[in-house]
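The values are calculated or read from the model by the stated rules, or taken from the named source; none is laboratory data. Values in this document were obtained by computation on a predicted structure and should not be read as measured data. We place every Cβ from the backbone using ideal geometry, glycine too, and count neighbours over all the protein chains shown. Just so you know, the surface numbers come from the protein's heavy atoms only, side chains and all, with ligands and any DNA or RNA stripped out. Shrake-Rupley method; radii C 1.70, N 1.55, O 1.52, S 1.80 Å.
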Amino acid sequence: MMGSTRLGRAGLPQVDAVLRLPSAEPLIGRFGRPALREAVRQRLADLRATLSERDVAPTAERVLEETAGELARLLGAAIRPVINATGVVLHTNLGRAPLSEPATRAVMTAAGYSTLEFDLATGGRGSRGSHAADLARRLLGAEAAHLVNNGAAALLLAVAALGAGREVIVSRGELVEIGGSFRLPEIVAASGARLVEVGTTNRTRAADYSAAIGPETALILKVHPSNFRQVGFTEATEIAELVEMGRAHGVPVVHDVGSGLLGPSDIGALEGEPIARASIASGVDLVLFSGDKLLGGPQAGVLAGSFAAVERCRTSPLARALRIDKLQVAALEATLAAHLRDAGPEELPAVRMLGLTVDELRIRAESLAALLGSGLPGSTGVTPTRLEARVGAGSSPEVTVPSYGVAVTVDDPSRLLARLRLGEPAVIARIADGRLVIDLRTVAVEEEESLAGAVRRALRDDADPA
Ligand SMILES: *Cc1c(COP(=O)(O)O)cnc(C)c1O
């Protein structure tokens, strides 16, 4: 067949002819014969379906090459580490909060057999997450706590357990969508409760809530609008006032604070974030938040509050469907323990990154710029630059954290952005004012050397596209 081109489906090689190629030998060793055979068969079936009679059929070698590339991509891990140079600390697409070292070790421990639901003292059954729930309860000053898979699950469980078949009162200013298909009215509907909207988009007063309370009212729900902020002629009812009203009518109050800021913070960008502990202190029946936002832990949902309300959630038929996974419990336990020891800022990377001063970042940016600046091709420039970082994960997008990094001036910043993304290690930067910027707030000091190497390689390849 050498030299002759064959057209259409009839020109396609047989599966066995592809597998008999000498170059198939190492691939069989790498992927195993059954997997390679199946992938080749699939590839040929796809070609048979798409090749027209005038198309040149690919050779056996070509089919093998393409199949091997596909298999390598398929079998390789799709989740790879990246250097986050975006300045968005809780970057949802990059995994939100990076875990602390103790939390990472805890995940490794829980990966094998563990005491997940086993009591070593008695040899009997233990309860999953009871230790982490106890830590959460203590941290918040609540009577009890329960853990679920994520923040959305916490809300679904709370509303279903306390409100299914009855009415849930929510302010019109809080009927928000919080990214990735989380829409409050839809979650309430899915829980089996009926949503009763009160107030207007911009103003909801205590009287609006009290007028809506009736025999069918199961709970009052207050939701932090997170990524959405109202300015101007606005009014919302304080949680303490809602608690008072709930008590007067025997109606529980649930507060979804979203990001799990436990106590007051001196980080400017967190001003206005609801404080979970304050919410419990004001007497809410349940406070809800995520594990991987400002708490700095794994994906998880925390429900904390009164014995009665937590017990209803814990014993709901939905609790099992929404339960937390063992790797999450392990990481959450370590994260909560760090907060309880008051070690948050030293131990938890996200908390630490948010607390870095502009001065320390500026010093790091100056040395990185100096390191990168020598021996650069012609028009390329690297300068230390003042930047605006962001909290991320549903925190107000317009609230920024003053930051520092380096700006790289090149002819085509988008091309450099892509080169950095596709390099090893992958670096996720951004473009601002026509320059590529690397924000150091989200880069660990230990990552700086490999970051510098990656930028240098990307600049070299950019100047010399081979
Ligand atoms: C982020 C957020 C959620 C969803 O939490 P996930 O952990 O992402 O499921 C729910 N409510 C509020 C107010 C939030 O900010």
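Quick look at the values:
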item	result
Positive minus negative residues near residue 340 (Lys, Arg vs Asp, Glu; Cβ under 12 Å)	-1
Region 438-443 - phi-based ³J(HN,Hα) in whole Hz, Karplus 6.51/-1.76/1.60, Gly and Pro as x	10, 8, 7, 4, 9, 9
Interchain or long-range residues, amide H under 5 Å from residue 87's placed H	439, 442
Mean Cα-pair separation over length for the chain, i.e. relative contact order, pairs under 8 Å, 6 or more apart, %	18 percent
Positive-end extreme of charge dipole, the chain - chosen from 8, 258, 146 (charges on Cβ)	8
Debye intensity ratio in log₁₀ form over the Cα atoms of the chain, taken at each q of 0.07 Å⁻¹	-0.51
Folded to 0 to 90 degrees: helix 151-163 orientation relative to the chain principal axis, Cα	40 degrees
DSSP-defined beta bridges in the chain - what % are antiparallel, rounded to 5	55 percent
Calculated from backbone phi, Karplus (6.51, -1.76, 1.60) coupling profile of region 230-238 in Hz, x at Gly/Pro	9, 10, x, 7, 10, 7, 10, 8, 5
Estimated dipole of the chain in Debye, rounded to 20 [Cβ of Lys and Arg +1, of Asp and Glu -1, Cα centre]	1260 debye
Exposed chymotrypsin sites (Phe, Trp or Tyr not before Pro) absent - longest run of the chain, DSSP non-H/G/I/E/B, at most 11 other C-beta within 10 Å	234-466
Separation of alpha-carbon centers, region 245-270 and region 14-74, rounded to whole Å	58 Å
Mean-position separation - Cα centroids, region 175-211 and region 406-466, in angstrom	43 Å
Loop GluC sites (Glu not before Pro), region 171-221, which have at most 16 other Cβ atoms in a 10 Å radius of their Cβ (DSSP)	216
Projected area averaged over orientations for region 252-361, convex hull of C-alpha atoms, nm²	7.7 nm²
Global geometry of region 232-294, whether rounded, prolate or oblate, following the gyration tensor of its Cα atoms and the 1.5 cut on a/c	oblate
Area of residue 265 that stays accessible when all protein chains are in place (1.4 Å probe, Å², to 10)	50 Å²
Sequence-separation-based contact order of region 325-466, relative, with Cα cut under 8 Å and 6+ spacing, percent	20 percent
Cβ-based net charge around residue 239, under 13 Å, with every Lys or Arg adding one and every Asp or Glu removing one	-3
Separation of alpha-carbon centers, region 106-163 and region 316-373, rounded to whole Å	20 Å
Probe 1.4 Å - accessible area at residue 16, Å² to nearest ten	70 Å²
HN-Hα J in Hz across region 20-26 - Karplus 6.51, -1.76, 1.60, θ = phi - 60°, x for Gly and Pro	7, 4, x, 6, 7, 3, x
Charge context of residue 138, other residues only, Cβ under 15 angstrom, K/R +1, D/E -1	-1
Rounded tilt (10° steps) of 448-463 against the dominant C-alpha axis of the chain	50 degrees
Zone residues, region 51-70, relative to residue 20, backbone N less than 19 Å from point 7 Å out along Cα-to-Cβ	58-65
Of 353, 302, 200, farthest towards positive along the dipole that unit charges on Lys, Arg, Asp, Glu beta carbons give the chain	302
Distant-in-sequence amide H partners of residue 7 (H built 1.01 Å from N, under 5 Å)	57
Interchain or long-range residues, amide H under 5 Å from residue 436's placed H	408, 410
Restricting region 53-109 to trypsin sites (Lys or Arg not before Pro) in coil, as DSSP defines it, with at most 16 other Cβ within 10 Å	54
